[in-house]
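> The structure that follows is given in the form of structure tokens.
The values are calculated or read from the model by the stated rules, or taken from the named source; none is laboratory data. All values reported here derive from a predicted model rather than from experimental measurement. Using ideal geometry, Cβ is built from the backbone for each residue, glycine included, and neighbour counts are taken over all protein chains shown. These accessible areas exclude ligands, DNA and RNA; they are computed on the full protein's heavy atoms, side chains included. Shrake-Rupley method; radii C 1.70, N 1.55, O 1.52, S 1.80 Å.
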Amino acid sequence: MATVETKPSDAPRAAELLRNLKSKDGVYLMYIDGEWAAASDGGTRDLINPANGEVFAKVAEGTKEDAERAIRAAHRAFYEGSWGDSLALDRARLLFRLAEKIDEHAAELSRIETLNNGKPLRETEYDMADAANCFRYYAGLATKPGGETFDVPAASQTFVVREPIGVCGQIIPWNYPLLMAAWKLAPALAAGNVCILKPSELTPLTALRLATWIEELEFPKGVVNIVVGAGPVVGHTIAASDLVDKVAFTGGTKTGRAIMQAATGNLKKISLELGGKSPNIVFADADFNTAVDYALFGIFANAGQVCSAGSRLLVEESIADKFVNAVVERAKKIKVGDGFDPSAEMGPLISRAHEERVEGYIKAGVAEGATLACGGKRLPGELGEKGNFIEPTVFTHTKPDMKIVQEEIFGPVLVVQTFADEKEAVKLANDTIYGLAGAVFTNDVAKAHRVIRKLRAGITWINTYHPTYNEAPWGGYKQSGIGRELGTYGYEAYTEVKQINVNLAVEPSGWFSS
Ligand code: NAD
């Protein structure tokens, strides 16, 4: 399709970009039970462009009733419909076609994402390709996993099959809107589950565009429902419902705790992908320029709004001054701007409220006595006044117990710590409640492996930061989550395991005498 170059301040042109979404009376609709739906009470939410603070669209604001209607539709689709018993090959075909739709419309989707989320187009273009590949990966996997058989000490054959869990509630954040939807929907649908997806209320548009293809490709009614709305209303209803068999959540650790509590009623299955405060450890023998480059990429990609961001830079004392100076000099040169500006290397934060939260952390860092080596301020001029732009920020001379060292900031704020030796590096690296990710930069391969094996984290890198693959498991240790997404692990997390025992000697057991 023809691409629409959008100036975010230009709401009518935003409407042109969004013309393929379903709307009524200027309000973009949700997708429930195979139909396009306004909110049950007619409520709407303004969507705000984070680059300029302008309202560019209105979307239906789902209610508890809307969430319940979607849950009932999903429940019917699974327990009365044929999806759960459908051929894996048929589900795979649908998922491959969904991947093709994303690829064919990647230019449109990435522009919608940049308009809604703010991140530069080069990032959203990457995300769209990643989302398509996630559907493709699970389409392939749908037909692959087999069961297992066991030799047991009897005239019996025992084997194991995997079956879908059933009705899956999926609650996702705003930092990778379509990609997070893909991470949730693709494995769940491949395994034969039905879904109620709740996108972040701040960034629902690419998921709603995805729903137009779910309708077009004729996924059975109720198999995929997309309900937009506030977390404590729609999200909580999904997490608490007795008709939901599993809740899969990606978001903040505090919200994860609330979801876990809400899910106790029917002891539904639960998976949580939560926050992080991940260490990026640089030893003196590392390739200097590579380590500097990834230190920047680790924290300033997506303006630091990445769960696995390398938000703590741990540098060996002997190179600390030289290394940090190099990071700071390059951080100052990062071009911050509107995601539609081709020269922008870093975009805005998602909302004014989030920007103020990040500024609160910067103030706390200064108050606690850390040194602000660069940044720390809102962007000057119109961009900073209207949009949510914060300069790339680096803190040095920190102490391990400072708030900025311990808590997830989720913004472009790098906190530097120094260490004397390998032992101290490991101790500092593991010294938070989180355990999502971590990296080591060194040219000593044995040291790299020793340190990685000591990291209490689920996603790790040696001499790189951030690359992730649909093929490999994603998730955290400690308070960064429960369970794994992606890869075969992510597929298995959407299945129940059933053992089947077959008696090969069909005769009475003789246990009772008469
Ligand atoms: P958030 O926890 O505020 O919201 C995430 C989702 O939960 C949203 O859809 C929101 O509406 C919903 N929600 C909020 N309160 C709820 C409640 N009481 N019950 C049910 N649902 C509720 O997180 P956010 O601000 O959207 O995203 C940022 C957080 O997400 C960060 O902490 C980040 O680390 C985390 N994150 C983790 C991963 C990962 O894979 N581990 C990936 C991306 C983001």
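> Inside the stretch 466-514, can you point out the residues that are within 16 Å of the ligand (Cβ to nearest atom), open to solvent by 50 Å² or more (accessible area, probe 1.4 Å) and on the phi > 0 side of the Ramachandran plot?
Answer for the stretch 466-514, where residues must be within 16 Å of the ligand (Cβ to nearest atom), open to solvent by 50 Å² or more (accessible area, probe 1.4 Å) and on the phi > 0 side of the Ramachandran plot: just K478.
> Taking E359, is it among the charged types (D, E, K, R) and under 28 Å from S480 (Cα atoms)?
It is true that E359 is among the charged types (D, E, K, R) and under 28 Å from S480 (Cα atoms).
> Surrounded by 22 or more Cβ atoms within 10 Å (Cβ to Cβ), in a loop (DSSP other than H, G, I, E, B) and more than 13 Å from the ligand (Cβ to nearest atom) - does that describe any residue in the stretch 284-305?
Checked the stretch 284-305: at least one residue is surrounded by 22 or more Cβ atoms within 10 Å (Cβ to Cβ), in a loop (DSSP other than H, G, I, E, B) and more than 13 Å from the ligand (Cβ to nearest atom).
> Is there any pair linking a residue in the stretch 222-234 that is of a type in the set (A, V, I, L, M) and more than 7 Å from the ligand (Cβ to nearest atom) to one that is modelled with pLDDT under 95 and not in a loop (DSSP other than H, G, I, E, B), with Cβ under 6 Å and at least six apart or on different chains, and which?
V223/W83
> Kindly establish whether I112 is over 17 Å from L197 (Cα atoms), β-branched (V, I, T), at pLDDT 95 or above and open to solvent by 40 Å² or more (accessible area, probe 1.4 Å).
Here the answer is no, as I112 does not meet what is asked.
> To continue, here is another question. If I ask for residues that are within 11 Å of the ligand (Cβ to nearest atom) and either in a strand (DSSP E or B) or open to solvent by less than 10 Å² (accessible area, probe 1.4 Å) (or both), which ones from the stretch 261-277 would you list?
A263, S271, L272, E273, G275, G276, K277
> Could you list all residues from the stretch 313-345 that are within 27 Å of the chain's Cα centre (by Cα) and of a type in the set (K, R)?
K335
> Could you check the stretch 451-465 and list, in sequence order, the residues that are within 13 Å of the ligand (Cβ to nearest atom) and either aliphatic (A, V, I, L, M) or surrounded by fewer than 19 Cβ atoms within 10 Å (Cβ to Cβ) (or both)?
Listed by number, the residues that qualify are A457, I459.
> What's the total number of residues in the stretch 235-248 that are open to solvent by less than 10 Å² (accessible area, probe 1.4 Å) and either of a type in the set (D, E) or within 8 Å of the ligand (Cβ to nearest atom) (or both)?
3
> A further question follows. In the stretch 201-260, what count of residues is obtained for those that are among the β-branched types (V, I, T) and not in a helix (DSSP H, G or I)?
9
A quick yes/no check of all residues on (1) among the basic types (K, R); (2) more than 21 Å from the chain's Cα centre (by Cα):
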site	(1), (2)
G84	no, yes
L98	no, no
D103	no, no
S110	no, no
N117	no, no
P120	no, no
A131	no, no
Y137	no, no
K144	yes, yes
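> It is to be established whether one or more residues within the stretch 284-297 are polar (S, T, N, Q) and within 24 Å of the chain's Cα centre (by Cα).
no
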